[in-house]
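The values are calculated or read from the model by the stated rules, or taken from the named source; none is laboratory data. The structure presented is a predicted model; accordingly, all values stated were derived computationally and were not measured. For neighbour counting, all protein chains shown are included, and Cβ atoms are generated from backbone atoms with ideal geometry for every residue, glycine included. Quick note on the areas: whole protein, heavy atoms, side chains included, nothing else; ligands and nucleic acids left out. Shrake-Rupley method; radii C 1.70, N 1.55, O 1.52, S 1.80 Å.
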Amino acid sequence: SQQPSKKQWSLSDFDIGKPLGKGKFGRVYLAREIKYKYIVALKVIFKAQIEKYGLHHQLRREMEIQSTLRHPNVLRMYGWFHDDERIFLILEYAHGGELYQELCKLGHLSERQSATYIASLTQALAYCHEKHVIHRDIKPENLLLDHEGRVKIADFGWSVQSRSKRHTMCGTLDYLAPEMVEKKAHDYAVDNWTMGVLCYEFLYGVPPFEAKQQSDTFRRIMKVDLSFPSTPDVSAEAKDLISRLLVKDSSKRLSLEKIMEHPWIVKNADTMG
Ligand SMILES: COc1ccc(C(=O)Nc2ccccc2)cc1NC(=O)CCSc1ncnc(N)c1Br
């Protein structure tokens, strides 16, 4: 049977709206597809920037991967097109905005909300690993919320300085697993480490190895210098899960499957869809 012809998109198919965020490689705009009045996020990437950083293959590979990924907790890429100087990514629009802004507003999240996000992200990562995609950059800046508050891994591809800038620019080091910090070959287990960092940050409002100097954060990660503040009061089960993820030996970290079976997740996560 004949493949339905891939729709050739162009800028004239869209009404461009307000800017949603800006990145190293360009900006993201709210946009509406004119014919079907479909709301999307349109990411504009300058070809000159891609050439300058030699990212042509990286972007092409990412587009191939993204167009096959279909999971309720991974932001969709519906398609892409280009003109002489720009590449346009047609992305799912997350109406709820950045999870990081919710975390900033609330200070820290409830155990139920945190467990629900961790369960969703674990399932999204298990799906990505099945598709041989690892190291989805899952720090809070890269997590968006849809209109129902469902979390979406919105891999920004490359650091997008969205409006809610992190108070410390070195925040990026906070999420690196020891093997990453040591620039060793990393495998799927880095994502399990990151889930531990995220779980801690959802519950306490700060990442576990935060420090004034990057070198101190580096040292704390390498030592797995993990301590739990006395407030907010967090359950022993939550601390148990975090302690089983923030383990230096990547082979000893709790697997994604085991995270879903952990008592704290089973008891607190709202895994209805
Ligand atoms: C599947 O999502 C992507 C897939 C790929 C890339 C990307 O740039 N790849 C890339 C760019 C250059 C070089 C190599 C890879 C980026 C994203 N995603 C984004 O940039 C998120 C845009 S912000 C936003 N989006 C929706 N709703 C909102 N409310 C907001 Br705020």
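Binning at 5 angstrom from zero up to the longest distance, how are the C-alpha pair distances of segment 190-264 distributed in percent?
The percentages, shortest bin first, are 3, 16, 28, 26, 17, 8, 2, 0.
Write down the accessible area per residue of segment 210-273 in Å², having rolled a 1.4 Å probe over the full set of protein chains.
That works out to 61 Å² per residue.
Given a 1.4 Å probe and the protein chains all in place, what does the accessible area of Lys248 round to, in Å² to the nearest 10?
90
Looking at the chain, do any whole DSSP H helices span at least 15 angstrom along their long axis by alpha carbon and average 0.0 or above on Kyte-Doolittle, and which?
Helix filter hits for the chain: 189-204.
Can you tell which of Ile138, Ile87, Ile153 shows the greatest fluctuation in a Gaussian network model of the chain with Cα springs below 10 Å?
Evaluated over the chain, the most mobile residue of the options is Ile87.
Say each of Ser227 and Lys131 gets a label point 7 Å from the Cα, pointing the same way as Cα to Cβ; how far apart are those two points in nm?
According to this spin-label approximation, the distance is 4.2 nm.
For Arg27, what residues show an amide H to amide H distance below 5 Å, using hydrogens built from the backbone and excluding near sequence neighbours?
HN-HN under 5 Å from Arg27: Val44.
Share of the chain's accessible area from carbon and sulfur, percent, 1.4 Å?
54
As a check on your grasp of the helix formula, calculate [θ] at 222 nm for the chain: sum -39500 (n - 2.57) over DSSP H runs of n ≥ 4, divide by the residue count, round to the nearest 500.
For the chain, the value works out to -10500 deg cm²/dmol.
Need one number: convex hull volume per residue for segment 93-152, Cα atoms only, in Å³.
Once divided by residue count, the hull of segment 93-152 is 84 Å³.
Residues of segment 45-72 with backbone nitrogen within less than 15 Å of a virtual label 7 Å along the Cα-to-Cβ line of Leu11, please, listed as ranges.
Hits in segment 45-72 for Leu11 at 15 Å: 45-48.
Got the relative contact order for the chain handy, in percent, Cα pairs under 8 Å and 6 or more residues apart?
18
On alpha carbon coordinates alone, what is the Rg over Rh value for the chain, Rh being the Kirkwood radius?
Using only Cα positions, Rg/Rh for the chain is 0.98.
Full extension from Lys248 to Lys105: what is 0.36 nm times the residue separation minus their Cα-Cα distance, to one decimal in nm?
Difference between extended and current length: 48.3 nm.
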